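These notes are about the structure you will find just below.
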Amino acid sequence: MKLYLFDDRVARGFHPFAATRPVGELLYGAHTLRERAERGLRKTCVGHWAGADLIGFDEEGAPPAVDLADVETPCLLLCSRVSWGHDVAAALPAPSPGGPVPVEVAGALAGWLLPAGATRPTEEQLLDRTPLPGARSPLVLRGEWLEGVWSLMAGNADRVGKDLAHEHVTPPSADPVGLVRLGTHGVVLAPDVVIEPGVVLDARRGPIHVDPGVVLGAHLRLAGPAFVGRGSTLFGGSISAVSLGPVCKVRGEVEESVLLGYSNKAHDGFLGHAYLGRWVNLGALTTNSDLKNNYGHVRLKLPEGSVDTGLTKVGCFLGDHVKTGIGTMLNTGTVVGAGSNLFGGVMPPAWVPPFSWGSGSDLVEYRFDRFLEVARVVMGRRGLTLSSAMASVLERAWTRSAVLRG
């Protein structure tokens with residue numbers, strides 16, 4: 001029985017990330033949403049249904065985006081914005097002939113178990129998660145719904161703590177010279193982690209997990225709950241309650257934030273209650289606000305309109321391949337679309353359309369050929385190549401977002 005994830009209409013509104021990647025490939029806690037489904041259901045995801053524009057999505061370790069006609073039965077077809085329980089596989093029945101079996105999470109339809117030969121849902125039925133005719137009694141599974149893109153940031157620290165609580169902690173035979181440990185929560189360090197003198201690992205509020213190939217530089221305070229992905233470098237500063245995907249470079253003050261992977265904040269500056277996509281680079285002293293002066297709820301300006309997050313602390317959401325110049329200031333709740341290049345030290349609008357280029361509100365369209373040239377150089381510096389299929393995905397995102405830039 002194969003596993004597929006689909007992006008419903010709400011997931012398609014996870015700006016600025018859904019334009020360039022399936023929502024299942026967003027990091028939440030110590031795992032992506034797709035990895036959470038695979039671990040909880042004990043199945044390998046073979047594809048994402050995220051719309052025609054993402055066909056060709058190509059990223060290391062991730063399954064492809066597929067056409068609905070390519071979804072094979074028997075299968076589990078489940079919504080990507082569910083964070084599944086630690087072990088729900090035991091509740092799964094074996095596929096049997098008959099109609100589709102609805103899967104419910106917290107009283108809401110989350111997808112279907114489709115037996116061999118079952119008719120697949122239509123695109124509209126997937127987008128709206130509409131009940132299918134002839135369905136059998138529902139299968140109820142444990143999980144958590146993510147209601148907006150801000151949920152990925154707001155719930156991340158708690159999710160990291162729960163994820164790492166399942167790890168087996170083996171104390172090292174001896175700590176490196178100059179390492180200071182605080183607290184009683186678990187600390188997992190891969191054997192090849194480089195730890196320079198003057199590093200503080202603060203596990204008083206939650207556990208810490210550090211993947212292979214990570215460098216923890218001098219004068220660093222890393223506070224849990226925290227997950228640091230493989231090959232990342234933390235140069236120093238105060239970094240707390242974070243999830244850092246693979247090969248990130250981080251320095252300065254960072255709290256309650258997620259960096260999806262291959263992203264750099266290698267200089268001083270504050271990043272708080274933020275979510276960054278892949279291949280983001282923040283210039284020196286780039287800083288975001290994460291609290292309004294009146295301590296009120298933060299609203300996000302999105303293409304569909306203004307949305308109340310219900311949260312008092314919200315920083316910024318930066319899509320894949322976003323770049324900022326030195327001294328860039330980002331206001332509370334700023335959303336910057338994929339491929340944008342901001343510079344000049346002037347605060348940009350709260351909503352920056354994808355592939356924008358400029359300073360402050362003086363934004364023009366970032367020519368796609370120039371964007372592509374930079375993206376290829378940046379990825380090449382990490383030993384990776386931008387495939388022609390992924391370049392096509394980015395070009396479709398650029399074309400589709402022209403109306404927003406207009």
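The values are calculated or read from the model by the stated rules, or taken from the named source; none is laboratory data. Every value quoted in this text rests on a predicted model; they were computed, and no experiment measured them. Quick reminder, even Gly has a Cβ in these numbers, built from the backbone with ideal geometry, and neighbours come from all protein chains shown. Remember, those area values only see protein heavy atoms, side chains included, never the ligands or the DNA or RNA. Shrake-Rupley method; radii C 1.70, N 1.55, O 1.52, S 1.80 Å.
Output yes when any residue across the stretch 395-403 is among the acidic types (Asp, Glu), under 27 Å from Leu152 (Cα atoms) and out of contact with any strand residue (DSSP E or B) (no Cβ under 8 Å at 6 or more places or on another chain), and no when none is.
Within the stretch 395-403, one or more residues are among the acidic types (Asp, Glu), under 27 Å from Leu152 (Cα atoms) and out of contact with any strand residue (DSSP E or B) (no Cβ under 8 Å at 6 or more places or on another chain).
What residue, among those in the stretch 294-307 that are without any contact (Cβ under 8 Å) to a residue 24 or more places away in the chain and assigned to a loop (DSSP other than H, G, I, E, B), is nearest to Pro354 (Cα to Cα)?
His297
Gly178 - would you say it is open to solvent by less than 60 Å² (accessible area, probe 1.4 Å), of a type outside the set (Asp, Glu), within 18 Å of Thr32 (Cβ to Cβ) and touching a Gly at 6+ places or on another chain (Cβ under 8 Å)?
no
Quick one: which residue in Gly339, Gly344, Gly310 is within 27 Å of Cys248 (Cβ to Cβ), open to solvent by 20 Å² or more (accessible area, probe 1.4 Å) and part of a loop (DSSP other than H, G, I, E, B)?
Gly344
Those residues that are assigned to a strand (DSSP E or B) and open to solvent by 20 Å² or more (accessible area, probe 1.4 Å), I need them from the stretch 237-254; list them, please.
Gly237, Ser238, Ser240, Lys249, Arg251, Glu253
Of all residues in the stretch 32-73, count the ones that are touching a helix residue (DSSP H, G or I) at 6+ places or on another chain (Cβ under 6 Å), of a type in the set (Asp, Glu) and in a helix (DSSP H, G or I).
Qualifying residue count, the stretch 32-73: 1.
One residue is enough: does the stretch 384-397 have a residue meeting the conditions exposed (fewer than 14 other Cβ atoms within 10 Å of the Cβ) and at pLDDT below 95?
No, every residue in the stretch 384-397 fails to be exposed (fewer than 14 other Cβ atoms within 10 Å of the Cβ) and at pLDDT below 95.
Say we look at the stretch 294-304 and pick out the residues that are modelled with pLDDT of 95 or more and of a type outside the set (A, V, I, L, M, F, W, C); which of these is surrounded by the most Cβ atoms within 10 Å (Cβ to Cβ)?
Taking the candidates together, the pick is Arg299.
Quick check on Pro225: is it buried (at least 23 other Cβ atoms within 10 Å of the Cβ), closer than 17 Å to His273 by Cα and touching a residue at least 24 places away in the same chain (Cβ under 8 Å)?
Details: buried (at least 23 other Cβ atoms within 10 Å of the Cβ): yes; closer than 17 Å to His273 by Cα: yes; touching a residue at least 24 places away in the same chain (Cβ under 8 Å): yes.
Here the answer is yes, as Pro225 does meet what is asked.
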